[in-house]
Each structure stands twice: as structure tokens, then as C-alpha cells.
Amino acid sequence: MRNQLRPLFDRVVIKELDPDRVRRSGLLVPPGSDEPPPQHGIVLAVGPGLDWWDHVGVHMPVRPGDHVVFPAAAGTWVEVDEERLLVCRVGELLGVLEQVEQCPACGGRALGPQESCPVCGREGSVASS
């Protein structure tokens, strides 16, 4: 029989994704640096929240399937059916990663030569004559 961990109150259960140590620039981040990088994971289960949340209109900001980022020191690691899971309070999460169709800064517009977007890093093409 398979077990499932049901979080209580304002806690969430997260399955960690493998940390990506290679950046877009090609730089390899070595393991064991002084400050561990934030971790990434998928929310598997979400608690019902706290009882006073309903009275003030607060809802759980994440739901199962969300791709979240959390600090390395967040929550407690538990093992359920040989699977390593993180249980933490929703307030410990740093944010939810969402796919964006267009960059909010350049909006996907054509960039001129020598122009680059400071947000998405896209660079303009050099026109050939």
C-alpha cells in the first residue's frame, strides 16, 4: 500500500527538482559554496490554511502542481515510501515560477543592432548589407 502525506494547517509538501548547476552563460556553479542556492520543487499537496484566514479573505497562494522556489534551510525533510519530500510553511516559500509568453520589458519587439534587453537578455541582430 502506498502512503500519501497530507499537510496540516499552512504547510505544503514539495518534491525537490534536481538543482541546475549550469547557468545560461555556461558558468558551472560548484557544489559546497558558502551560501546554498535556492531550491526548486513541485508542490504535491497543500494544507487547508489557518482558521483565521477565511475571516480576512486570505487563501493559500500555491496549489498542487505549482513550481516553487524555496531556500535550502526551509522546512523539514521527510521520507515517505522511499521518496524524499520537503514539508514547510507556505510563508517560507520564496515564490512560484511561471512561464511568460513575452518579456515584460521588451515585449518581444524587434531590437535594434547593439541593443539588448536587460530583463530577458535577448540581443538585437546585426543587419547585414
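Scanning the stretch 88-97 for residues that are buried (at least 19 other Cβ atoms within 10 Å of the Cβ) and part of a strand (DSSP E or B) turns up just one, Cys88.
In the stretch 102-111, the condition of being outside any strand (DSSP E or B), out of contact with any Ser or Thr (no Cβ under 8 Å at 6 or more places or on another chain) and touching a residue at least 24 places away in the same chain (Cβ under 8 Å) is met by no residue. May I ask you to verify whether Ala73 is of a type in the set (Gly, Ala, Ser), more than 13 Å from the chain's Cα centre (by Cα) and within 15 Å of His40 (Cα to Cα)? Taking the combined requirement at face value, the residue satisfies it. Among the residues of the stretch 103-112, are any within 18 Å of Leu17 (Cα to Cα), loosely packed, with under 10 Cβ neighbours inside 10 Å and either at pLDDT 90 or above or not acidic (Asp, Glu) (or both)? No, because not a single residue in the stretch 103-112 is within 18 Å of Leu17 (Cα to Cα), loosely packed, with under 10 Cβ neighbours inside 10 Å and either at pLDDT 90 or above or not acidic (Asp, Glu) (or both). Against the numbered list (1) surrounded by 13 or more Cβ atoms within 10 Å (Cβ to Cβ); (2) not in a strand (DSSP E or B), Leu85 comes up short only at (2).
The residue that is farthest from Gly91 (Cα to Cα), among those in the stretch 63-73 that are touching a Leu at 6+ places or on another chain (Cβ under 7 Å) and surrounded by 12 or more Cβ atoms within 10 Å (Cβ to Cβ), is His67. Checking each residue in the stretch 62-72 for being in contact with a Pro (Cβ under 8 Å, 6 or more places away or on another chain) and assigned to a loop (DSSP other than H, G, I, E, B) picks out Pro71, Ala72. Taking the listed residues His55, His40, His59, the one that is part of a loop (DSSP other than H, G, I, E, B) and either at pLDDT 80 or above or in contact with a Gly (Cβ under 8 Å, 6 or more places away or on another chain) (or both) is His59, with no other qualifying.
The values are calculated or read from the model by the stated rules, or taken from the named source; none is laboratory data. These numbers come from a predicted model, not from an experiment. Positions of Cβ are generated from backbone atoms using ideal geometry, with glycine treated the same way; all protein chains shown enter the neighbour counts.
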